[in-house]
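Worksheet: the structure to be examined is printed underneath.
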Amino acid sequence: MPLHTCDFDYQLPEDLIAQTPVQRRDQSRLLVYHRDTKAREHRVFADIVEYLRAGDVLVVNDTRVIPARLLGNKLDTGGKMEFLLLKRIEGDSWQALAKPARRAQPGTRFVFGDNDLIAEVITAGDDGLRTVRFTYDGRFEEALDRVGVMPLPPYIHQRLADRERYQTVYAQHQGSAAAPTAGLHFTPELLETLQRRGVKLARVLLHVGLGTFRPVAVDDIRQHKMHSEYYSVTPEAAAVINAARAGGGRVVAVGTTSARVLETVSTPDGVVHSGQGDTNIFIYPGYAFKAVDALVTNFHLPHSTLLMMISALAGREEMLAVYREAVELHYRFFSFGDAMLIL
């Protein structure tokens with residue numbers, strides 16, 4: 001039986017879209033949903049320590065957001081151009097989203113900053129996707145840091161005063177075009193408390209790109225094609241996760257990106273393997289999770305693949321009912337919003 005994109009809709013007042021993060025990361029609200037009883041609890045995020053137990057493993061995505069939004073001009077005419085860097089292909093070549101795409105034809109060149117970066121379009125794809133190659137003096141990362149802008153989602157209209165508030169406290173490997181926002185609620189102190197209580201911590205990597213935030217533009221969700229994103233799981237992380245499972249602990253994914261990595265590298269019986277590569281896994285209702293037992297997540301956009309994923313874990317009607325309650329109780333939504341723990 002097909003599922004339609006409109007089956008994942010809900011009404012959200014615009015004033016519930018969080019424009020800024022809360023002052024203290026772990027003081028956002030936390031809606032706890034118990035799948036076995038369908039019970040809901042309303043707490044603050046720091047209370048997550050009461051729901052995780054010794055032997056559980058918390059799996060986090062330690063990607064780091066780069067200032068991936070580039071605003072510049074066409075080299076010959078001065079026409080304005082915006083690139084959103086999505087994925088490093090090789091060396092100085094990147095997959096990027098061009099806007100307006102019609103100006104970014106193969107062979108055209110664009111300049112950013114005071115000649116800090118010059119980009120040449122190499123190939124043109126569908127939906128504004130382009131392959132671009134950069135030239136610069138010195139190190140690419142330093143040039144990008146000078147001219148790039150943090151790629152906040154379009155529904156956030158306020159300027160971010162501190163770039164680090166769009167990074168998790170454990171962010172390490174640069175390469176994401178968006179933050180794995182479920183992890184924004186953790187503080188070093190909260191992680192330390194959990195580990196002191198016997199909760200293990202495992203780091204995986206998924207560089208967030210178009211696959212995570214591209215909207216679903218088809219009616220039958222089975223026809224939606226996910227763009228691939230780079231992932232990596234070290235042997236050490238796989239060993240920690242598998243040991244927790246073997247000991248009766250739960251695998252708690254922090255965010256849909258961590259969940260996608262785990263489901264990409266696990267066997268049907270839930271054993272996680274190390275490795276790296278690209279994943280375009282699309283999880284929607286009907287999918288049977290192999291490795292993920294619980295999920296920490298934010299509240300997602302209507303019609304999004306992220307809402308479809310949590311519906312696969314906890315049920316579409318149940319999640320839509322939870323979202324309606326969250327709206328009634330004025331939870332804050334999306335990237336800088338509140339969190340949910342699905343047990």
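Nothing in this text is a laboratory measurement; each read-out follows from the coordinates by a stated rule. Since the structure is predicted, the reported quantities are computational estimates derived from the model, not experimental observations. Note that each Cβ is placed from the backbone with ideal geometry, even for glycine, and that neighbours are counted across all protein chains shown.
Show me the chymotrypsin sites (Phe, Trp or Tyr not before Pro) within the stretch 207-294 that DSSP assigns to loop and that have at most 15 other Cβ atoms within 10 Å of their Cβ.
Counting only loop positions with at most 15 other Cβ atoms within 10 Å, the chymotrypsin sites (Phe, Trp or Tyr not before Pro) in the stretch 207-294 are 287.
Over the stretch 138-274, one equal point on each Cα, no solvent: what is log10 I(q)/I(0) by the Debye formula at q = 0.16, 0.18, 0.19 Å⁻¹?
-1.02, -1.19, -1.26
At 27 angstrom or more along the helix axis (alpha-carbon based) and mean Kyte-Doolittle of 0.0 or higher, what helices does the chain contain? Whole DSSP H runs only.
None clear 27 Å together with a mean of 0.0.
Pop the C-beta distance of residue 274 and residue 80 into the FRET formula with R0 = 45 Å and round what comes out to the nearest 0.05.
The pair residue 274/residue 80 has a calculated efficiency of 0.55.
So what are the stretch 69-147's ellipsoid semi-axes, whole angstrom, largest first, if each one is the square root of 5 times an eigenvalue of the alpha-carbon gyration tensor?
17, 15, 10
If you stretched the chain out fully between residue 163 and residue 115, how much longer would it get, using 0.36 nm times the residue separation minus the C-alpha to C-alpha distance?
14.9 nm
Fully extended, how many nm does the chain gain between residue 43 and residue 141 (0.36 nm per residue separation, minus their Cα-Cα distance)? Walk me through the numbers before you get to the answer.
Working: separation 98, 0.36 × 98 = 35.28 nm, distance 4.00 nm.
Working it through step by step, the gained length comes to 31.3 nm.
I'm a student and want to see the number: the projected area of the Cα convex hull of the stretch 223-288, averaged over all directions, in nm².
Answer in nm², one decimal: 4.9.
In Å, the Kirkwood hydrodynamic radius of the stretch 218-343 over pairs of distinct alpha carbons? Write down the numbers at each step before the final one.
Numbers: mean 1/r = 0.0646 Å⁻¹.
Across the stretch 218-343, the inverse of the average 1/r is 15.5 Å.
Could you list log10 I(q)/I(0) for the stretch 178-239 at q = 0.12, 0.21, 0.23, 0.25 Å⁻¹, which the Debye formula gives when each Cα is one point scatterer?
-0.50, -0.97, -1.04, -1.10
What residues have an amide H closer than 5 Å to that of residue 199, excluding those fewer than 5 places away on the same chain, when H is modeled at 1.01 Å from N in the peptide plane?
For residue 199, whose amide H was placed from the backbone, the distant partners under 5 Å are 55.
Mind listing P(r) for the stretch 251-298? All alpha-carbon pairs, 5 Å bins, whole percents.
P(r) over the stretch 251-298, rounded to whole percents: 5, 22, 32, 30, 10, 2.
Are there trypsin sites (Lys or Arg not before Pro) in the stretch 150-185 that DSSP puts in a loop and that have at most 15 other Cβ atoms within 10 Å, and which ones?
Filter output for the stretch 150-185: 159.
Once all Cα-Cα distances of the chain are split into 20 Å bins that start at 0, what whole-number percent is in each one?
That works out to 30, 58, 12, 0, in percent per bin.
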